[in-house]
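Just so it is clear, none of the values below were taken in a lab; they were calculated from the coordinates. Since this is a predicted model, take the numbers as computed values, not measurements. Ideal geometry is used to build each Cβ from the backbone, glycine not excepted, and the neighbour counts take in all protein chains shown.
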Amino acid sequence: MASYSPDLITAPCATAFPDPRVVRELLTRADSLIIGCGVTRTRAAHTALLSIIRNCKVPIVADAESLHALASRPDVTDGKRILLTPNAGEFQVLTGEPWPSSRTERTTASRSLARQYGATVVAKGAEDFISDGTRTIIDHEGSPYMTKGGYGDLLAGVAGALLARDHAPFESAKAAAYIVG
């Protein structure tokens, strides 16, 4: 990646998941963390991801494989400024329930998920359902194409940049969904 896009700051990994010790050092100079994208699905990877989230002091965007890791340990998010970005499948992993079909049920499900994890949630899809457990909005700017690979990475990146600028997770989620949409 570093040779492909020299404008990105990269750190080499000896494994298919980030090393918590290396990440801890990098986070001393970071303003936010985006975690989970491109990580392999193994027990060792989940252990590493949970350790990183548990010890992180900056705002977090948890995407992709980190959501699978968090499903087994929702308490790891306690006290964190964290934004979860599940698609329909990841929603089911986090809750054990399928993503509802009606807008009303999706609104309720997003709010419930946010409360369960003490987080802000962007449930991604043709419409993004955004909730912090109290407030819930629907972003209509998306399209079905945004359920394809790469959309979540863009959303996570924009949200992470906004969190790094000290915006609240709910405001970052709303703005990121709108911008990417």
* Asked: So which trypsin sites (Lys or Arg not before Pro) in region 1-82 end up in coil per DSSP with only 16 or fewer other C-beta atoms within 10 Å?
  -> Arg29, Arg41, Lys57
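Return the loop-located trypsin sites (Lys or Arg not before Pro) in region 119-181 (DSSP other than H, G, I, E, B) with at most 12 other Cβ atoms within 10 Å of their own Cβ; answer none if there are none.
Answer in residue order: Arg135, Lys148, Arg165.
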* To do: Select from Ile137, Ile60, Ile35 the residue whose mean-square fluctuation is largest in a Gaussian network model of the chain (Cα-Cα springs shorter than 10 Å).
  => Ile137
* How much length, in nm to one decimal, is gained on full extension between Arg135 and Lys148, taken as 0.36 nm per residue of separation minus their Cα-Cα distance? -> 2.0 nm
* Quick one: which residues, 5+ away or cross-chain, put their amide H under 5 Å from the amide H of Leu84? H built at 1.01 Å from N. => Ala62, Thr120, Val121, Val122
* Structure fact -> Among Gly157, Gly89, Gly149, the residue with the largest mean-square fluctuation in a Gaussian network model of the chain built from Cα contacts under 10 Å is Gly149
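Over 26 Å, how big is the tail of the calculated P(r) for region 48-181, in percent of all Cα pairs?
Percentage above 26 Å: 11.
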* Overall form of region 116-181 per C-alpha gyration tensor (a/c, 1.5; a/b vs b/c) -> oblate
* To do: Quick one: work out Rg over Rh on the C-alpha atoms of region 1-119, Rh as Kirkwood radius.
  => 1.00
* What residue among Leu154, Leu49, Leu94 shows peak mean-square fluctuation when the chain is described by a Gaussian network model with Cα springs under 10 Å? -> Leu154
